[in-house]
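*Asks:* One structure follows; several queries about it will come next.
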Protein chains: 4
Amino acid sequence: MSTETKVPVAVLGATGAVGQRFVQLLTDHPWFEIVALAASERSAGRPYADACNWVIPGDPPPFASEMMVSSLEPTLPARLVFSALPASVAREVEPLFAQAGYAVCSNASAFRYEPDVPLVIPEVNADHLALIERQRAERGWSGLIVTSPNCTTTGIAMPLKPLDVAFGLRQVFATSMQAVSGGGYPGVASLDILGNVLPYIGGEEEKIERETRLLLGHVADGRRVEAEVVVSAQANRVPVLDGHTICLSVGFEKRPTVEEAIAALADFCGPDAVRELPSAPEHPILVRREPDRPQPRRDRDAEGGMAVTVGRVRECPLLDLRLVSVSHNTLRGAASGSILNAELLVAKGYIK
Amino acid sequence: MSTETKVPVAVLGATGAVGQRFVQLLTDHPWFEIVALAASERSAGRPYADACNWVIPGDPPPFASEMMVSSLEPTLPARLVFSALPASVAREVEPLFAQAGYAVCSNASAFRYEPDVPLVIPEVNADHLALIERQRAERGWSGLIVTSPNCTTTGIAMPLKPLDVAFGLRQVFATSMQAVSGGGYPGVASLDILGNVLPYIGGEEEKIERETRLLLGHVADGRRVEAEVVVSAQANRVPVLDGHTICLSVGFEKRPTVEEAIAALADFCGPDAVRELPSAPEHPILVRREPDRPQPRRDRDAEGGMAVTVGRVRECPLLDLRLVSVSHNTLRGAASGSILNAELLVAKGYIK
Amino acid sequence: MSTETKVPVAVLGATGAVGQRFVQLLTDHPWFEIVALAASERSAGRPYADACNWVIPGDPPPFASEMMVSSLEPTLPARLVFSALPASVAREVEPLFAQAGYAVCSNASAFRYEPDVPLVIPEVNADHLALIERQRAERGWSGLIVTSPNCTTTGIAMPLKPLDVAFGLRQVFATSMQAVSGGGYPGVASLDILGNVLPYIGGEEEKIERETRLLLGHVADGRRVEAEVVVSAQANRVPVLDGHTICLSVGFEKRPTVEEAIAALADFCGPDAVRELPSAPEHPILVRREPDRPQPRRDRDAEGGMAVTVGRVRECPLLDLRLVSVSHNTLRGAASGSILNAELLVAKGYIK
Amino acid sequence: MSTETKVPVAVLGATGAVGQRFVQLLTDHPWFEIVALAASERSAGRPYADACNWVIPGDPPPFASEMMVSSLEPTLPARLVFSALPASVAREVEPLFAQAGYAVCSNASAFRYEPDVPLVIPEVNADHLALIERQRAERGWSGLIVTSPNCTTTGIAMPLKPLDVAFGLRQVFATSMQAVSGGGYPGVASLDILGNVLPYIGGEEEKIERETRLLLGHVADGRRVEAEVVVSAQANRVPVLDGHTICLSVGFEKRPTVEEAIAALADFCGPDAVRELPSAPEHPILVRREPDRPQPRRDRDAEGGMAVTVGRVRECPLLDLRLVSVSHNTLRGAASGSILNAELLVAKGYIK
């Protein structure tokens, strides 16, 4: 795709923490060019640098700093929009954009559970894009909405995918230790989390349990069928900046040996069409053999934050296997994940 | 027990972090009086204040600061010794004391798994002291060794005990988020743990799995019988100073409702003889109803660090119930736990 | 003072973090009894337990949990009110209470700089209460307002007082490393402070510089005269929960030796009338000789959080002496400081 | 310099934290090629991957992992050696290498204060290399030793240099808040630093005070003359991973306005010869105008960790100006600083 033909894109909710990540990641993207940054009325009409309290690493790119923030109206000069909106706003705004012909790649939870809206991790279930046809037909949209999962679910569904394919996943215990950046900005108060663990994140466990089944499910007759996997999640917040750590115990139809499981994980690469996308990691899953890895601070940035690192693959006295997963919650688990979805849409011809 | 009749006690390994806790907790104890502080040859012969780098909260008590550190010889003017020795040293030294007639209350793992050595949490399995008779008979000791469990196991076995009694425990998933003080001093390097999670603590998972079965087991014919419970543990270190947090999923013979489980937990009080011990908490288990409790920083000190606080009792999609437990790893889970064991020995007439 | 004659008191701004400290500290206070908890209209009329998200250690005292929150009207059945209001609200509300006859002990900055309002640390400048006469006369109040200083200033002015008395203070460099609890709740976002230092706290440096001069000043002819001390402050936020640490370099009229300075600090005890107050520490200043003390986590709780701990007293190549101070910012530096002021008012006969 | 002519280099003390940084930074360096990794006898003879517990971000480069660790004998096939040795070992080993003809770029403090050994930050005092002539003449060395300063001094001397040139520096107050990585590995115990400040780092204040005077001094008649600047330093450790923050108050011969000082800082670029070195940052000093910058976590990586970021430039009530500096202590302040020195040696013809 030559520079001349870059797809003009916009970011909805551009001033928040995830929005900032979109701006950062889309700067110099080979296929996409930011032409508008949109946010709530409070920010609209102001230069981005003024409207935005930049909280992620680095500085706002100069081109963005000077851009005037647009309002959330479906009149942006873009064909594709990335949504970093809060769920309640997304529920109102995203359909207006889809209706108006935009492809919406959403990081919000608002439409993840709609039966005709794909919830996609390209390496895991690129084929779920098939739902778009029904989505457009039933809703009368010329545009579309594709969603990416909750940041914690991403670190679970990715390593479970190749294990499911090879051994037939049946049961999952997942206990997460999640970074504070998952709560947005200002998010978690330092008085709550310094030297502490918060054993509760509102709505998170339900999302993890449901989205894991959706991602590992399949599409039949234009309808999404959930995977028959029982998932039990316990979500915790820990004083880590970025990177979610998840302890998993998993049960299978066919019990693999540890080495068979490691081989399935290490060999995983997703469909060919996905591997060639610009943001796709060379190895979606990295397997570490050291006894004390993965660790969020040391492994979250693997492959530019796009790989999930797993380790401690070992037998489980109760189910079949235990393992630990670390993934970058604001890259693979949020903005980068949506960008990969957008690249897939382009590659599959959904963006004209 | 009047002041005149206080039992003279010594602390073995008095200069380490757990040893310091023993010194702190035994100061002004109603039943015990420290008469000797013993440590390795490096420290022996020096005033305690010089030999010891005090790392726990507060200051060393003045009486202890001036005491000369003794060597680890079984010639101390005590009847009871508290052992905060590393396992490898404990293995050599503790039997010499037991042989010489001392009652050894050990915090070390060295003898926990010997079939004739009680591993005890008074509220959970005070009756395991019955093993002492066999211990003395077979080993020819006039003294004895009683051990207390690993700090993480304590936070698991205590809440599981009343649930086991009421509903028949069968399966346990335990994922721990453990404080750095559990690693002793200097212990975990700040470069490893600041803003990070370490998903591995050497030997910890095996200890948790085994000790939980031992503590919930019973004594028959002078022999300890492990409980028939399958335990799967995943141990993590998090940047918390004190207080271990554990996410539990548990399966029972008879599935309780959430409220039945909460009632069993809240009503738990251990045997009468234990409730009257000076260090026994009024409520060994505190149940919190807030959605985001227990938290290590906010709940570890409940009842002077002797209560285990549980919360988030709820159904589990895979087993029967999920809950979260927080306990103070260096108080209930270490020094205070051993002191409660010692008090039980006195109450049961084992210390003359 | 017998229980029957306890002074009925109220807390204004009772639901915030400092308000919670007042509630906690006034429970079982020998002289004071909480009869009302007042807060903004959002909270008024609700039970305190519902209106208040308890963020400080421990649990809300049961008597308070059930109390209905009053509105901020000067019709409370108290004679003395403790104000934990934000400055902007305090500016409106506190004079209404003083006008209506209440003694207001304020933790807010709103009136600290009024020439007729005492800014007091009892050990430092109890005699500034003399301003009250003028305050009442000029404002026509039957009540009064007495303020306590900014939490960081407290840790500076207390150790400087005896040095000023003995050696004539002239210059002060103060670089603070302040705990997050100083910012209230939710206060500092964890995304800002985890693994970080914030070299700026709005308005703090000006407060430190001015209040230090006021506290060390004197009252002449019913007017407050600032001390002729040049103060340069640099304020930083660090990832510490409680306890402000301050590095000081100080210049004097008469250069003391290190030992002379230590003697002046260690011997400091404030006026007799202050020493006998129920909340007064035995030693307002504790001097540590270890090279690496004071530390906020290890020294903030000295004497129930009422003592300031200093250490590293040594020569300065530029001015005369360097030293480090640690004090508890929400106890001595906030709620407990105001309570000590209130006790002084009672002892001096200002509360009928 | 073409690839064929890369200078063969070795790292002494290659297995420690700073040694690992050298290995990481020298991989793919345009001028240098690692041909040997040397360490103490404990590591010598083992593959680097085995001998080394990699603690810095990322993974050891594959070429290094397989290299056998050499002993610290001056028989390495290199012309230039980077020393990350502890001071006590450096004192013995570095002269042997200099004697044997190696150019030693040392990060150790062992020889920093020798009158004939340059202590260099290229942008600050590249001309001090002139001492090498005398060093070789007096010691009879065919090689040489050049040292780089203590990591904290670097963040002080760099911003003070242009201010000194423009306004005549006379007095400096420096209070540091230093990252734990400055203490090496394992370094600071997590039990000491979590949620805490340590107001003491052994020997640090003396190093800062002395080295600042040396770096800002000049060379006359082949001898180094200290700058006539009075420096008072207070060093603290804070729970930050990387990046030292320093609060400075400075007095000048000619008091500049804030804007004059900012202009001098922002325009600073060091000598031409330095600007062209491969590791030299485009802007050695970055000035931030936001009120709350610089911050260690957000600014340490500026210009690849080679720039010092300053901010909060403002007047001082006591001296002339106050400002805050942040620099990366293990990059600019350690390994990268030594590499820049080595590049300067090459550019100046000292490495044949």
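*Asks:* Evaluate peptide D:174-181: per residue, the Cβ atoms of other protein chains within 10 Å of its Cβ; return the mean as an integer.
*Replies:* 5
*Asks:* Can you sort A:Val308, B:Val180 from fewest to most other Cβ atoms within 10 Å of each residue's own Cβ?
*Replies:* Going from least to most buried by this count: B:Val180, A:Val308.
*Asks:* Is the range D:151-328 best put as rounded, prolate or oblate by its Cα gyration tensor, with a ≥ b ≥ c the root eigenvalues, rounded for a/c under 1.5, and otherwise prolate when a/b is larger than b/c, oblate when not?
*Replies:* Rounded.
*Asks:* Measure nothing fancy, just the Cα-based angle from helix B:17-26's long axis to the longest principal axis of chain B, in degrees from 0 to 90, nearest 10.
*Replies:* For helix B:17-26, the angle is close to 80 degrees.
*Asks:* How high is the relative contact order of the range D:143-218, in percent, with contacts defined as C-alpha pairs under 8 Å that are six or more residues apart?
*Replies:* Relative contact order for the range D:143-218 comes out at 52 percent.
*Asks:* When we measure straight from the Cα of B:Lys352, which aspartates and glutamates land under 17 angstrom away, once same-chain ones fewer than 8 places off are left out?
*Replies:* Within reach: B:Glu4, B:Glu33, B:Glu133, B:Glu343.
*Asks:* Relative to the longest principal axis of the C-alpha atoms of chain D, give the angle of the C-alpha long axis of helix D:336-347, reported between 0 and 90° and rounded to the nearest 10°.
*Replies:* It is inclined by approximately 70 degrees.
*Asks:* What residue of chain B has the nearest C-beta to the axis that moves B onto A, and what is that distance in Å, given as a whole number?
*Replies:* Nearest to the symmetry axis by Cβ: B:Thr175, 2.
*Asks:* Classify the protein assembly as shown from the C-alpha gyration tensor, please: rounded if a/c falls under 1.5, else prolate or oblate depending on whether a/b exceeds b/c.
*Replies:* Rounded shape, in that the Cα axes give a/c under 1.5.
*Asks:* Taking square-rooted eigenvalues a ≥ b ≥ c of the alpha carbon gyration tensor, is the range A:44-203 rounded, prolate or oblate, where a/c under 1.5 means rounded and, failing that, a/b exceeding b/c means prolate?
*Replies:* Oblate shape, in that a/c is at least 1.5 and b/c is the bigger or equal ratio.
*Asks:* Sticking with this one: Would you tell me the mean number of C-beta atoms belonging to other protein chains that fall within 10 Å of each C-beta in D:230-238, as a whole number?
*Replies:* Other-chain Cβ atoms within 10 Å of each residue's Cβ, averaged: 6.
*Asks:* What value, in deg cm²/dmol to 500, does the helix sum -39500 (n - 2.57) over DSSP H runs of n ≥ 4 give at 222 nm once divided by the residues of chain B? Write down the numbers at each step before the final one.
*Replies:* Details: 14 runs with 111 residues, N = 352.
Estimated from H runs of four or more residues: -8500 deg cm²/dmol.
*Asks:* Put a point 7 Å out from Cα along the line to Cβ at D:Glu41; what are the distances to that point in the other copies, in nm, shortest first?
*Replies:* Spacings between copies for this position, smallest first, are 2.2, 7.9, 8.1 nm.
*Asks:* Tabulate in residue order the Karplus-calculated ³J(HN,Hα) for the range C:245-254, using 6.51 cos²θ - 1.76 cosθ + 1.60 with θ = phi - 60°, rounded to whole Hz; enter x for Gly and Pro.
*Replies:* 10, 9, 8, 10, 10, 9, x, 10, 5, 10
*Asks:* Rounded to the nearest 0.05, what FRET efficiency do D:Glu92 and D:Cys269 give with R0 = 51 Å and r taken as the Cβ-Cβ distance? Could you check?
*Replies:* 0.85
*Asks:* Shortest first and in nm with one decimal, please list how far the A:Asn53 label point sits from its counterparts in the other copies (point 7 Å along Cα→Cβ).
*Replies:* 1.5, 4.0, 4.0
*Asks:* Another question about this same structure. Between helix D:151-167 and chain D, what is the angle of the helix's C-alpha long axis to the longest principal axis, kept within 0 to 90° and rounded to the nearest 10?
*Replies:* Taking Cα atoms only, the helix is inclined about 50 degrees.
*Asks:* When you count, for each residue, the other Cβ atoms within 10 Å and take the mean per peptide, how do C:92-104, C:133-145 rank with the highest first?
*Replies:* Highest-to-lowest ranking by the protection proxy: C:92-104, C:133-145.
*Asks:* Where both partners of a DSSP beta bridge lie in chain B, what percent of those bridges are antiparallel, to the nearest 5?
*Replies:* The answer is about 45 percent antiparallel.
*Asks:* Moving on to the next point. Mind listing the label-point distances from B:Glu282 to the same position on all other copies, shortest first, one decimal in nm, points 7 Å along Cα→Cβ?
*Replies:* Label-point separations across copies, in nm and ascending: 2.8, 6.4, 6.7.
*Asks:* Still on this structure, please answer the following. Excluding residues on the same chain fewer than 8 positions from A:Lys207, give the aspartates and glutamates whose Cα lies under 14 Å from its Cα.
*Replies:* A:Glu114, A:Glu226
*Asks:* While we're on this one: So for chain B, averaging the separation of alpha carbon pairs under 8 Å that are six or more residues apart and normalising by length, what relative contact order in percent results?
*Replies:* It comes to 16 percent, rounded to a whole number.
*Asks:* D:Ser106's amide H: which non-local residues (gap 5+, or another chain) put their own amide H closer than 5 Å, with H modeled 1.01 Å from N in plane and none for Pro or chain starts?
*Replies:* D:Ser83, D:Val146, D:Thr147, D:Ser148
*Asks:* Here's something else I'd like to know. Pairs of alpha-carbon atoms within less than 8 angstrom and 6+ residues apart define the contacts here; what relative contact order does the range D:151-328 have, in percent?
*Replies:* 27
*Asks:* OK, next. Would you mind ranking A:Lys207, B:Lys348, C:Lys254 so that the residue whose beta carbon has the fewest other beta carbons within 10 Å leads the list?
*Replies:* Going from least to most buried by this count: C:Lys254, B:Lys348, A:Lys207.
*Asks:* Quick check on the exposure proxy: order C:Thr27, D:Thr175 from fewest to most C-beta atoms within 10 angstrom. Could the numbers behind the result be given before it?
*Replies:* Details: C:Thr27 15, D:Thr175 28.
Lowest to highest Cβ neighbour count: C:Thr27, D:Thr175.
Values in this text are rule-based calculations from the coordinates and carry no lab data. All figures in this text were calculated on a predicted structure; none of them were measured in a lab. Every residue, glycine as well, gets a Cβ built from its backbone with ideal geometry; the counts of neighbours run over all protein chains shown.
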